Structure formats: structure tokens, C-alpha cells
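Working notes for the structure below.
The values are calculated or read from the model by the stated rules, or taken from the named source; none is laboratory data. Here the structure is a predicted model, which means the values were calculated and not measured. So basically every Cβ, Gly included, is an ideal-geometry build from the backbone, and we count neighbours across all protein chains shown. Ligands, DNA and RNA are stripped out before the accessible areas are found, and what is left, the full protein with its side chains, is counted by its heavy atoms. Shrake-Rupley method; radii C 1.70, N 1.55, O 1.52, S 1.80 Å.
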Amino acid sequence: MKMDVSLLISIEYLAVIVSSIYGVLLAARKGMDVMGVFAVAFAVAFGGGTLRDLFLDRTPLFWIGNPHYPMITLGIAVFAGPVLKLVNRIKPYLLLPDALGMALFAITGTAYSLEAYPSWFIAAMMGTITGTFGGVLGDVICNDVPSLFTPSPLNATCAFTGCWVYLIVLSLGETPKEIAMIAAILVIVLFRLAAVKWNWCFPALRETPHR
Amino acid sequence: MKMDVSLLISIEYLAVIVSSIYGVLLAARKGMDVMGVFAVAFAVAFGGGTLRDLFLDRTPLFWIGNPHYPMITLGIAVFAGPVLKLVNRIKPYLLLPDALGMALFAITGTAYSLEAYPSWFIAAMMGTITGTFGGVLGDVICNDVPSLFTPSPLNATCAFTGCWVYLIVLSLGETPKEIAMIAAILVIVLFRLAAVKWNWCFPALRETPHR
Amino acid sequence: MKMDVSLLISIEYLAVIVSSIYGVLLAARKGMDVMGVFAVAFAVAFGGGTLRDLFLDRTPLFWIGNPHYPMITLGIAVFAGPVLKLVNRIKPYLLLPDALGMALFAITGTAYSLEAYPSWFIAAMMGTITGTFGGVLGDVICNDVPSLFTPSPLNATCAFTGCWVYLIVLSLGETPKEIAMIAAILVIVLFRLAAVKWNWCFPALRETPHR
């Protein structure tokens, strides 16, 4: 049990770093200053988990209980210049941290929800919200239409699928939690990368014309 | 007392269905895909009640405690095509579910607030927020300026008035809760429909010119 | 201790009035009606403190526990015409209530956070969020890009600095809380006014060009 908690925290840690970097990349595109970069990175990295904690009534919020989380984000924002230079060499440069952050947060959301409430459907929804809300918030702050809501490569669907993978693998009796987590993270990241590469989209719903 | 609770839950149930349909109609106008439709329907149907539960510190959130609520919304989003065809025959097609959802949620917000805090003013405000926030969120996601905030036919005012009707009728000694609820819902829906039909607006506040 | 609480409440009181007036000024610029004016004034005046209370899990929310707060805001919104005439004589007319409201709320956020959690960094962040979130919300509702996130005169930085001033002065042994508060409020207001007057900005982060 102890190990489970420390595993969840390690994943959260990584998700914070990866999402902060994604937030910095997002803010840099818009030519923001260091405070704006921090605000966007903070919103991207902590928006999903904060909503999760508020919805599940978890106290204290994960970044209040771990004050070094926002400090890391502040550090990344202050050294955004060098961070960007480093990250910029990797391509496709926005996609991987985005997919990984989404996957990591989605799993924490599912796991924490399952601790508090038995419903699998709620756990999968909470995972999806935790995984995607930070990105939506980042888009809103940067005044873009959130890509989550327009026909674009599958995103929330990848998170939702991965949450179910986690729940199903976990229910297969003897599986250790670690295996379920790694399987789910892999599914989400690969599903998302494939969706972007081959442009998998749902069709747009068309309104029946007025009569 | 038992009956009161089940009445409130029935109203909430209907509000969720009606608001989900309104959300689907909103999202379809913007040509979203099924995930976007679900997200908008979820935001419209659960935004107000979630804010109410967070503000009143009610645990668990009403849709976490009733996991079939978001399942219904998911079902409506998945079958959005047929739902739209069905709904499209009714005119004015966006207006009635909007007004009814607002009325139903407004009453739950007022009733739950009154359970927790004695202030009538807070109860009326909480009802208005519960009734209107989902629609505001839907507008924001669809990147429209929320109609709540621009001079347009009375909206929040109808909800606010209806909440006071509920509070006053309820305080008239012997009145059963059901009567107060039905009266308030009728007032909100009719007031809103009349406001749209005859274009009742408040005048816009003009800034005094600079000197 | 009793006095400390009443001091905090007086500051909150003033912050609510000042922020409501700022919200009315903001809404009047956009030609909103009385309901829109109230909604914007409410969001500006209560957005930061509500987020603070939700994040710190304080119950009831400060405006639910003090129902006369939103009543004051409603009064200011209803009499927005005369209020605007009165306020309009003072120049620079949007700046001072904005800076003062930010300073007052920032101090309440820092103080309440310190009561609940020992971390100074979290207290300073909570103060900054409490002080700035209302303004961000007001900008978002008025459909402006929040000035907090674009290169513009220092804003959140002033709040953040003032929160640290409060924390440091407070830790200097014998200092009464009142002195720390007044010092911090002065630093925030003067810093902000100076930043606007001499246009102190952080440079924009530029994205390293693609290669």
C-alpha cells in the first residue's frame, strides 16, 4: 500500500514537470512574459489535478500539500529560455510532453477516484477530466478555442480508453497496480501519438437544417 | 422529509436530461464531434450543480453520487443525431429546454442552500448561479460571448425572481414544498418565455464620457 | 487574536466594495445591462476569495458566511449610474480601485493560507491568486485577453512581492500583524501604481525559431 502511494506520487511528480514544460511551450508561442509563462504553466500543470481534488473533496490540494510542485513550475518558468532551447531540439516538440502529461494525470485521477468512490464510470471520467482539463485551461488562457472541443485528432478519447484499460487490468485478480498503470500510460500515449500521426478524428455532428 | 428528497432528485433528474439536450443542440450548431458534444452537454448539464455543490461544500458532488446522471448525458451525446432529429421538430427549439433546465436547477440550488444556510438572499443567489452557470459555461466553450452578460432578454432575472417566489410561497406557513416548487418553476419558465417573446431587456449601462 | 480577525474582516469588507466598483467600471465599458454589471462586479469582487476558500477548504465561503457582502455588490450594481458619475471624477479612474482591491485581497489570502498551512511559498501564491483572479475573471467575462497574461505593466508580481513583505515583516518577532498588513498593502499599491506610470514590464519570452 505504501508503495502504491509512492508510485502515484512519483507519477504525479513527473506529470507536473512534463505539463509545466508543455505550458511553457504554449505560453512562449504567444510571446508572454515570465509571469504569464508561469501562470500558463501553472494552469496546465495543476488545473486538472486541482479540479480532481476539488471534485473528490481531497484536502489539502495536491500542490498545497506538496509545495515543491509549484516551486518546480516556477523554476521552469524562470529558466524558460534555456528550457525551450533544450526542448526545441526534440520533435514533434509539443506532442510528446502533452500526451505523457495527459496519460500520467489521467491515471492519478482514476486511481484517486477509485479510492474514494467505487464507480468505474466516475473513475474513468475523473481520469479523463484530470488528464485533459489542464490543456483546456491553457488553451483558454492563450485565447485559443480548446482543441478538445473541435473535430481534431482524438484526445480525451485516448485518456478515457486508457482509464478503462487501467480499471480492467487492475480487476484481473493478481495484477499488481504498477503493471496496470504502465499498461494504461502506454495505451494513452501510443493511442494519442497514433491519432495525431494518422489524423484519427470523430466526424463532426451536423445540425439538421431548419425547416 | 423522505418525499421532499425524492422530489428534489426527480427534479434534478429531469434538469440533467433537459440540459444535456440543450447542450447537444448548442454543440451541434458549432459542428463539434461526439467528444465535444459530450463535453458541452456535460458542462451545460453539470456546471451549475457542480458549482452549487462546491460552494455549499456538499459531498459527494451530485453527479459522483449519482453516476447514472453523466451516463445519461453520454448516451444523449452518442445518439445526438437521432436526438437532434426528434428535438428539431419542436419550435422554438432551443428555448424551452433552456428555460426548463434553468428553472429546475434554480429550484434545487435554492432548496439545497436553504438546507445548509438560513439566508434567503444567499439561497436566491445560489439558485440563480445553479440555474444559469451551465449555460454560461456552454457559451464560453462554444466561444460565444455569454448572452447572460450582454443586453438580451431577461435570463438570470427570471431565475432570481422564481427563487424568491419559491422562498416566499414556502414561508406561507402550511404550503407543501411541492406547491412552492411547481409555482416557482412555472414563474421562471413563463417569465423567460415572455421575456424572449416580447424582448424584455434591461437598458445597457452607458459609461459617463471622459472629461 | 479577536482583533486580528476583525482586522482581516474589515480589510475584506473594503476589498469587496473597492472590487465591486472596479467591476462596475469594467462592465460599463462594455455596455452591459444591470444583471451583467452585477455578474461582472460579483465575479471581480468574489472570484479571488472564492477560489481561495475552495483551495483552502474554508467553509462557508466568505460571501455565504457574510451575506451582506453580495448585497453590497448588488446595491452598487443597481446604483451603477450614480456610482459611475461619482467615481468618474477621480483619475486614473480604473487604476486605484484595481490596485487597492488586489492588495487587500492578496493580504487576506496570505493570512488565511498561513493559518491553515505553514508553507510561505504557498501563502504567497495563495495571496497572489486571491488578489489577481477576480480581475482575470472580469477580463474573461468581458471577452478581453486577461492583461495578467500578456506583457503589460507588472501586476501579479506586485501582489507576489507584497505577500513576501507581509510574511517577512510578520516574522520579525515583535511586529504586530497590523503593521505587517499596512506595510504589505502600501508596497503592493505603490509598486503597482509605479509599474503602470513608468511602464515596468517583463520582456516577452520569444520562442526559439524552428530548425
Which far-off residues, 5 or more places away or on another chain, put their amide H under 5 Å from the one on residue C:152, with H placed in the peptide plane?
C:202
Please report, for residue A:172, the nm distances (one decimal) from its label point, 7 Å out from Cα along the beta-carbon direction, to the equivalent points in the remaining copies, shortest first.
6.4, 6.4
Solvent-accessible area buried by pairing C with B, both sides, nearest 100 square angstrom, 1.4 angstrom probe:
2700
GNM result for chain B, Cα springs below 10 Å: residue of B:192, B:58, B:29 fluctuating most strongly:
B:29
I need two numbers for chain A: Rg to one decimal and Dmax as a whole number, Cα atoms only, in Å.
17.2, 62
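Taking only protein heavy atoms into account and a 1.4 Å probe, give the accessible area per residue of chain A in Å².
41
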Cα point-scatterer Debye curve for the range B:16-133, base-10 log of I(q)/I(0) at q = 0.09, 0.21 Å⁻¹
-0.25, -1.08
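I'd like the carbon and sulfur percentage of the solvent accessible area for the protein assembly as shown, probe radius 1.4 Å, heavy atoms only, ligands and nucleic acids excluded.
70
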A correct Karplus calculation of ³J(HN,Hα) over the range C:156-162, with 6.51 cos²θ - 1.76 cosθ + 1.60, θ = phi - 60°, whole Hz and x for Gly and Pro, returns 4, 4, 5, 4, 4, 4, x
Return the residues of the range B:109-123 for which accessible area with all protein chains present is lower than in the chain on its own by 50 Å² or more; set the probe to 1.4 Å and exclude ligands, DNA and RNA.
B:117, B:121, B:122
Taking Cα centroids, how far is the range C:103-118 from the range A:8-47 in Å?
24
Packing-wise, with mean Cβ within 10 Å as the measure, how do A:7-14, C:41-48 rank, highest first?
C:41-48, A:7-14
Connecting every pair of Cα atoms under 10 Å apart in chain A and solving the GNM, the largest mean-square fluctuation among A:172, A:104, A:154 falls on A:172
Please say if the protein assembly as shown is rounded, prolate or oblate, where rounded means a/c under 1.5 for a ≥ b ≥ c the square roots of the C-alpha gyration tensor eigenvalues, and otherwise the choice is prolate for a/b larger than b/c and oblate otherwise?
rounded
Please list, in order along the range C:174-185, the HN-Hα scalar couplings obtained from phi with the Karplus expression 6.51 cos²θ - 1.76 cosθ + 1.60 (θ = phi - 60°), rounded to whole Hz, x for Gly and Pro.
7, 4, x, 4, 4, 4, 4, 5, 5, 4, 5, 4
State the dimensionless ratio Rg/Rh of the range A:1-60 (Rg: radius of gyration of Cα atoms; Rh: Kirkwood radius).
1.09
State, to one decimal in nm and shortest first, how far the label point of residue B:115 sits from each corresponding label point in the other identical copies (label point: 7 angstrom along Cα-to-Cβ).
2.7, 2.7
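Give me a single rounded figure for B:57-63: the average over its residues of other chain Cβ atoms within 10 Å of their Cβ.
Per residue, the average neighbour count from other chains is 4.
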Of the candidates A:158, A:142, A:201, which one comes out as most mobile in a Gaussian network treatment of chain A with C-alpha springs shorter than 10 Å?
A:201
Identify, for chain C, the residue whose C-beta comes nearest the rotation axis onto chain A, and round that distance to whole Å.
C:54, 4
Inter-copy distances for residue B:197, label 7 Å out on the Cα-Cβ vector, sorted ascending, nm, one decimal, are 6.0, 6.0
